[in-house]
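Notes follow the structure.
The values are calculated or read from the model by the stated rules, or taken from the named source; none is laboratory data. The structure displayed is predicted, hence computed values, not measured ones. Cβ: placed from backbone, ideal geometry, glycine included. Neighbour counts: every protein chain shown.
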Amino acid sequence: MKERFEELLRIAQGHTVCIQPHDYPDPDALASAFALQELLRRRGIEAGIGYFGTVDKVNIRLMMDEFEIIPIPADKMAEFEEDAVVINVDVQKNNSNLTDMRGEELVCIDHHPWVTDVKYDIVIHELVGACATIVTELYAELGEEIPRNVATALLYGIKMDTRNLCSGVTDKDLAAFSMLHRIADHDIIRRLDNNSLQISDLRAYGAAIQNIVVYGGIGFVHIPFDCPDGLIASVSNFILALDAVTVAVVYADRNGGMKFSVRSEISGVNAGHLVNLALRGVGNGGGHMTMAGGLLYKERTYELGADPDTAIRKRFVDALAHVRE
Ligand SMILES: [Mn+2]
């Protein structure tokens with residue numbers, strides 16, 4: 001990991017450098033980008049953080065304020081030179097939640113199952129619960145002390161991506177967590193934990209309460225308007241808490257298509273495989289064992305026929321029968 005980081009410093013030298021997390025970044029993506037930015041700064045490289053999609057969730061806005069994360073404005077991103085170095089964080093190129101930006105994607109730091117066929121020059125990849133764990137390990141391997149604000153952000157990233165160390169967590173996440181726990185500002189963590197919802201989010205929860213249907217253990221919710229990825233994910237976690245629901249499939253309208261968030265609490269059912277199979281031919285999807293996401297393409301919605309909700313349910317029920325191990 002250390003050698004790959006030194007290599008990163010070499011190729012970044014003399015270029016504009018942009019750390020690009022996935023679109024609509026979540027706490028893990030943002031914390032990882034922020035921590036990496038600080039690490040690069042210490043080695044003399046000034047990198048910006050640039051992403052697509054808005055930051056609408058209140059806890060993410062709080063993170064931005066608390067850690068003074070100032071993203072590169074969209075018009076500046078459009079002006080990047082072609083030889084700018086882009087570092088993808090918490091995402092791989094060609095994924096549906098990564099908008100292509102100017103510059104060359106030469107580096108990827110990610111914890112999702114490796115699916116891209118894009119050849120990066122440098123890959124720092126581990127199948128762990130949070131990307132923040134990988135960045136924490138990077139600090140440790142380089143012998144860099146982790147500043148308090150960085151530790152706080154990373155700790156929150158791990159908490160959120162592992163649902164408080166309950167989901168998809170590995171020994172490495174636990175080791176990183178315990179290291180960060182000693183440094184982090186727990187008042188800030190509490191504030192972030194206690195402010196994850198805003199009044200307008202309740203509309204999406206309201207849709208869930210009103211629209212939920214359960215078929216064979218799968219809870220389906222169609223949110224009939226667009227909302228941020230993070231909010232769709234929260235609603236997905238929310239219905240997974242129901243005892244009748246072992247797999248949650250929540251989807252919201254987006255630009256004529258639909259954005260999916262899928263959760264599985266069945267050990268034999270991989271959420272990433274499930275959404276990938278269910279949306280085959282009409283969109284794409286993937287992710288982890290317990291959490292995944294997907295997109296149904298606008299130009300494919302016609303294939304769902306006159307009753308898209310029924311068609312979607314059928315696709316997932318059929319896919320579930322196939323992926324069950
Ligand atoms: Mn992540």
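Among the numbered conditions (1) touching a residue at least 60 places away in the same chain (Cβ under 8 Å); (2) buried (at least 23 other Cβ atoms within 10 Å of the Cβ); (3) more than 19 Å from LYS298 (Cα to Cα), the only one that ASN237 does not meet is (2). For the range 130-145, the criterion of being surrounded by fewer than 15 Cβ atoms within 10 Å (Cβ to Cβ), on the phi > 0 side of the Ramachandran plot and without any contact (Cβ under 8 Å) to a residue 40 or more places away in the chain is satisfied by at least one residue. Here ASN194 passes the criteria (1) loosely packed, with under 13 Cβ neighbours inside 10 Å; (2) at pLDDT 95 or above; (3) not β-branched (Val, Ile, Thr) except the one numbered (2). Within the range 200-213, being surrounded by 15 or more Cβ atoms within 10 Å (Cβ to Cβ) and among the hydrophobic types (A, V, I, L, M, F, W, C) holds for ALA204, ALA207, ALA208, ILE212.
Run down THR116, THR162 and say which single residue is more than 12 Å from the ligand (Cβ to nearest atom), touching a residue at least 24 places away in the same chain (Cβ under 8 Å), polar (S, T, N, Q) and closer than 30 Å to ASN270 by Cα.
Of THR116, THR162, the one residue that is more than 12 Å from the ligand (Cβ to nearest atom), touching a residue at least 24 places away in the same chain (Cβ under 8 Å), polar (S, T, N, Q) and closer than 30 Å to ASN270 by Cα is THR116.
For the range 276-298, taking the residues that are out of contact with any Lys or Arg (no Cβ under 9 Å at 6 or more places or on another chain) and in contact (Cβ under 8 Å) with a residue 24 or more places away in the chain, the one that is nearest to MET258 (Cα to Cα) is identified as TYR297.
Taking the range 121-133 as the search range and keeping residues that are in contact with a strand residue (DSSP E or B) (Cβ under 9 Å, 6 or more places away or on another chain) and under 26 Å from ALA271 (Cα atoms), which one is nearest to the ligand (Cβ to nearest atom)? My answer is CYS131. Just to be sure, is VAL107 of a type outside the set (D, E, K, R), more than 16 Å from the ligand (Cβ to nearest atom) and at pLDDT below 95? Considered against the rule, which asks whether it is of a type outside the set (D, E, K, R), more than 16 Å from the ligand (Cβ to nearest atom) and at pLDDT below 95, VAL107 comes out as no.
Here THR136 clears all of (1) part of a helix (DSSP H, G or I); (2) within 12 Å of the ligand (Cβ to nearest atom); (3) in contact with a helix residue (DSSP H, G or I) (Cβ under 7 Å, 6 or more places away or on another chain) except the condition numbered (2). Give me a count of the residues in the range 218-233 that are touching a residue at least 40 places away in the same chain (Cβ under 8 Å) and either on the phi > 0 side of the Ramachandran plot or not hydrophobic (A, V, I, L, M, F, W, C) (or both). Total satisfying the criteria: 4.
Only one of the numbered conditions (1) part of a helix (DSSP H, G or I); (2) under 17 Å from PHE238 (Cβ atoms); (3) within 14 Å of the ligand (Cβ to nearest atom) is violated by SER167, and that is (1).
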